[in-house]
Amino acid sequence: MTRLAIGPASQSLGKSLAERLRLEAASVLFKEFPDGETYVKLTEVSPGDDLIVVQSLSPPQARNLMVLLQIASAARDIGVRRISVVAPYLAYSRQDKMFLPGEAVSARLVAKVLESCGVQRVYVVEPHSAESLSFFRIPAVPVSPVDDIVKFLGDRTGSVIVAPDEKRVPDARELASKLSCDYGWVEKTRDRDTGEVRSKIGSVPHGKKTAVIFDDIISSGSTIVKAAELLRSIGFEEIEAGCVHGLFVQRAEEKLAAAGVRSIFASDTIEGKMTRYSVAGSIAKSIEKDGP
Ligand code: R5P
């Protein structure tokens, strides 16, 4: 029998996924000790079962990673046959190489600890880069949420989808093609030491009123703020900003509003106050394709 264990960081997405895949949920008892240590007890799972664990590595990342490891390790001790993990947001992916000497390659570390707990397959929604998944020796399946985003955005024939840096141009192109609208991009550089963002217009079609800036992650909001300011300076009247993984730290929402961003949307890979659409459909399709 295949069961679904829903971790504390993905309660809403986990329930949607259980419904779509018609899977019984295993019980995950989660507690926190007064000193902050986490405790997990997994029941309603039997030796020989297959288990899919859904737990985002949203903030607090290290704690949510620990809880995921605790669930996987408990499953292994019970004698689960196959442990698959859905990490809707895989934290630490941005550190997928040693950009400066002496830096820890955190993405590799996360892959290794998950494998060491007996995880045999991992699904990651919109991984930050191919490199971040290349550290896994087990199958690591990237899940594209594009169909869920298209469904959420609806009719956008009058808008331009804008990538806030060159790396995201393929995403903007794909979204625009599925929405039958134009796309463009902003060029961005980030100072590796200070984190300061510098942007300039790359290529953006003129004559449209609305720009939808779409990024994989919105964290401090700096990337979107720079792009929004540039787009306003070339005549866009309405700016919307969206992402898959909405971290929204350091008062990002306020900064975006001050830069003239009219609406913000993020998915439930990180369940938060900007969550406006679910990626459960895309994850379910991916799992059904592989067989749980
Ligand atoms: C970076 O390469 C990512 O694609 C995002 O653009 C970045 O993580 C966004 O961060 P922030 O909101 O802090 O500018």
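The values are calculated or read from the model by the stated rules, or taken from the named source; none is laboratory data. Note that the structure is predicted; figures quoted are calculated from it, not measured. Note: ideal-geometry Cβ built from the backbone for every residue, glycine included; neighbour counts use all protein chains shown. All accessible areas refer to the heavy atoms of the entire protein, side chains included, with ligands and DNA or RNA removed. Shrake-Rupley method; radii C 1.70, N 1.55, O 1.52, S 1.80 Å.
Listed by first and then second residue, the pairs with beta-carbon distance under 8 Å, at least 6 apart or on different chains, first residue in the stretch 154-169 and under 15 Å from LEU231 (Cβ atoms), second open to solvent by less than 20 Å² (accessible area, probe 1.4 Å) and within 9 Å of the ligand (Cβ to nearest atom), are ALA163/ASP215; PRO164/ASP215; PRO164/THR223; PRO164/ILE224; ASP165/ASP215; ASP165/THR223; ARG168/ASP215; ARG168/ASP216. How many residues does the stretch 153-190 contain that are in a loop (DSSP other than H, G, I, E, B) and closer than 17 Å to PHE236 by Cβ? Selection size over the stretch 153-190: 5.
Restricting to the stretch 143-152, count the residues that are in a loop (DSSP other than H, G, I, E, B) and open to solvent by 50 Å² or more (accessible area, probe 1.4 Å). Counting residues in the stretch 143-152 that are in a loop (DSSP other than H, G, I, E, B) and open to solvent by 50 Å² or more (accessible area, probe 1.4 Å) gives 1. Scanning the stretch 1-57 for residues that are part of a loop (DSSP other than H, G, I, E, B), of a type in the set (Gly, Ala, Ser) and either surrounded by fewer than 20 Cβ atoms within 10 Å (Cβ to Cβ) or touching a Ser or Thr at 6+ places or on another chain (Cβ under 6 Å) (or both) returns GLY36, SER46, GLY48, SER56.
Test of understanding: among VAL197, VAL249, which residue is within 12 Å of the ligand (Cβ to nearest atom) and either in contact (Cβ under 8 Å) with a residue 60 or more places away in the chain or open to solvent by 50 Å² or more (accessible area, probe 1.4 Å) (or both)?
Among VAL197, VAL249, only VAL249 is within 12 Å of the ligand (Cβ to nearest atom) and either in contact (Cβ under 8 Å) with a residue 60 or more places away in the chain or open to solvent by 50 Å² or more (accessible area, probe 1.4 Å) (or both).
Among residues of the stretch 66-92 that are more than 13 Å from PRO8 (Cα to Cα), those with a Cβ under 9 angstrom from a residue that is basic (Lys, Arg) and modelled with pLDDT of 95 or more, sequence gap 6+ or separate chain, pair up as ALA74/LYS41; VAL80/ARG3; ARG82/ARG121; ILE83/ARG76; ILE83/ARG121; SER84/ARG121; VAL85/ARG121. Looking at the structure I just gave you, is GLY102 without any contact (Cβ under 8 Å) to a residue 12 or more places away in the chain and surrounded by fewer than 16 Cβ atoms within 10 Å (Cβ to Cβ)? Here the answer is yes, as GLY102 does meet what is asked.
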